[in-house]
Amino acid sequence: MNASDEITLESDALIEWLRTRAAEPPSAWPVAAWAGDTTVGRVRAQNEDRWGVADGWLFGVADGIGGRPGGAIAAESVIQALRVVTAQAFDADFDAVIRFLNDTVLAAGATSGTPGLGTTLAALALRDSYASVFSIGDSRVYRWRDGELLQLTVDHSLRTELLEAGVDPVEYAERGMRVDALTAFVGMPADRDLPRSAGAFRIAQNDRFLICSDGVHGYVDPSEIARLVGSSAPADAVGGLLHAANANGGRDNATAIIVQIGPARAPQE
């Protein structure tokens, strides 16, 4: 990655960057096209994935956890909450937005009588000439540029922690340990810190962003994801990803959104 066109910021730095970004000269990169879809897969009885878009600038995918109706409730509640987040709130207090999303899921659990529910969340926010991404859990955001696929978020899972510690997850999996168990999710108790993966990146003409659940990235090889994301219009590419996930077993719900960036336009006076 070239430092001149790539900026990566972790959570604390991202918050400060969001507060100061307004001082920069504006540069508008319109969304040329986007598409999203989901499939229940070939094994699960119900779909606990949800996806949504807020006013064409904020895109999100949620994957309810628990294997029971509570997962669908959690995913639906966080996507509905994401739809009402304003650009002003996102820019002014990113931390508050995260707390709002988590509190919404906690409230949904209390209201529905299913406490302890939770969901992953991966989101893309397009702000002027930048993309901000964040995730909690193991849903992901990728960027496709010039044929190369780059994962922009980091999974919160035992597998990730083992790899970071230099331990082969296969050894633990062979002992019966659930190495894909999540270490963070939306809906965690309010008195606990909520880890998240977050960053900000300059965007460029013809960039494509993929937001997806693990039903996609867990069943489709990265090279095939890159080929499908870049091979056709977003709607066809999303369909291709979901078809590939089902063809490779389809043992999980699968959801994907693809957003294509168009050419820059001059900011309006």
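The values are calculated or read from the model by the stated rules, or taken from the named source; none is laboratory data. Because the structure is predicted, anything quoted here is derived from the model rather than measured. Neighbour counts are summed over all protein chains in view; Cβ atoms, including those assigned to glycine, are modelled from backbone coordinates with ideal geometry. Ligands, DNA and RNA are stripped out before the accessible areas are found, and what is left, the full protein with its side chains, is counted by its heavy atoms. Shrake-Rupley method; radii C 1.70, N 1.55, O 1.52, S 1.80 Å.
Does D91 satisfy being modelled with pLDDT under 95, touching a helix residue (DSSP H, G or I) at 6+ places or on another chain (Cβ under 9 Å) and part of a helix (DSSP H, G or I)? Even if it seems obvious, please write down each step before you answer.
Details: modelled with pLDDT under 95: yes; touching a helix residue (DSSP H, G or I) at 6+ places or on another chain (Cβ under 9 Å): yes; part of a helix (DSSP H, G or I): yes.
In short, yes.
Among the residues of segment 7-59, those identified as within 20 Å of G262 (Cα to Cα), open to solvent by less than 30 Å² (accessible area, probe 1.4 Å), small (G, A, S) and at pLDDT 85 or above are A35, G36, A54. Scanning segment 174-205 for residues that are closer than 28 Å to Q260 by Cα, in a loop (DSSP other than H, G, I, E, B) and open to solvent by less than 80 Å² (accessible area, probe 1.4 Å) turns up F185, R196, I203, A204. Scan segment 99-115 and give yes if some residue there is in contact with a Pro (Cβ under 6 Å, 6 or more places away or on another chain) and not in a strand (DSSP E or B), otherwise no. Within segment 99-115 (the criterion being in contact with a Pro (Cβ under 6 Å, 6 or more places away or on another chain) and not in a strand (DSSP E or B)), the answer is yes, since at least one residue qualifies.
Look at F94 and say whether it is more than 15 Å from the chain's Cα centre (by Cα) and either of a type in the set (S, T, N, Q) or open to solvent by less than 10 Å² (accessible area, probe 1.4 Å) (or both). Quick ask: steps written out before the conclusion?
On the way: more than 15 Å from the chain's Cα centre (by Cα): yes; either of a type in the set (S, T, N, Q) or open to solvent by less than 10 Å² (accessible area, probe 1.4 Å) (or both): yes.
Considered against the rule, which asks whether it is more than 15 Å from the chain's Cα centre (by Cα) and either of a type in the set (S, T, N, Q) or open to solvent by less than 10 Å² (accessible area, probe 1.4 Å) (or both), F94 comes out as yes.
Inclusion of G64 among residues that are in a loop (DSSP other than H, G, I, E, B), touching a residue at least 12 places away in the same chain (Cβ under 8 Å), closer than 30 Å to A247 by Cα and open to solvent by less than 60 Å² (accessible area, probe 1.4 Å) is not warranted.
So is L210 among the aliphatic types (A, V, I, L, M) and touching a Leu at 6+ places or on another chain (Cβ under 9 Å) or not? Steps first, please.
Numbers: among the aliphatic types (A, V, I, L, M): yes; touching a Leu at 6+ places or on another chain (Cβ under 9 Å): yes.
Judged against the criteria, L210 is a match.
So, in segment 225-235, exactly how many residues are free of Cβ contacts under 8 Å to residues at least 60 places away in the same chain and farther than 20 Å from D63 by Cβ?
Kept after step one, since they are free of Cβ contacts under 8 Å to residues at least 60 places away in the same chain, are these residues of segment 225-235: 227-228, 231-232.
Next, only the ones that are farther than 20 Å from D63 by Cβ stay: 227, 231-232.
Residues that pass the stated criteria total 3.
Since T255 meets every condition but one in (1) in contact with a strand residue (DSSP E or B) (Cβ under 7 Å, 6 or more places away or on another chain); (2) in a helix (DSSP H, G or I); (3) β-branched (V, I, T), which condition does it not meet? It fails just one condition, (2).
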